[in-house]
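These notes are about the structure you will find just below.
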Amino acid sequence: MSVLLAFSAIMLSSFSAAIRCSATMAMTDGRQALIDVRVSGDMIGEMSALNGEPRSATVTTCRTSKIRIIRRNELRAFLRVYPDAAMQLAGIVANRLRAANRRRVDFASHPVKIRLARFFGRSPRPMAIAIATASSSTST
């Protein structure tokens, strides 16, 4: 991956079919741990784009997908102009942190079947609506 893209956010934007992808992290023993599933409309890489730190996970799509690369400087400029979008993105990051904390508790508290049911029962939180709404108002 180029250095330019390393700190970019990516919008999963397939209009013909839903994108499904998995986010994984390498464990100390070399295995990959599933940390989340992303779908069309989700943004990935936003933490790296916001703070300039290396990516924390690897995302793999299940099929060829259309994406929108949003470079760090573009995302930051957009969020300065549209503070409501910045607040929505902060809420998405907070929700992901809350879900990660819940999964830690679930891991210690519940058997696998319950953990999987809770994991896949979550509702999607697409950022695409906020960005599409704001982008359409700037392109007119």
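Highest mean first, the peptides 38-50, 100-112 sorted by other C-beta atoms within 10 Å per residue fall in the order 38-50, 100-112. The Cα-based radius of gyration of the range 18-72, divided by its Kirkwood radius, gives an Rg/Rh of 0.98.
Read-outs: derived from the displayed coordinates by stated rules, not from any lab. Every value quoted in this text rests on a predicted model; they were computed, and no experiment measured them. As a convention, Cβ positions derive from the backbone with ideal geometry for all residues, glycine included, and neighbour counts pool all protein chains shown.
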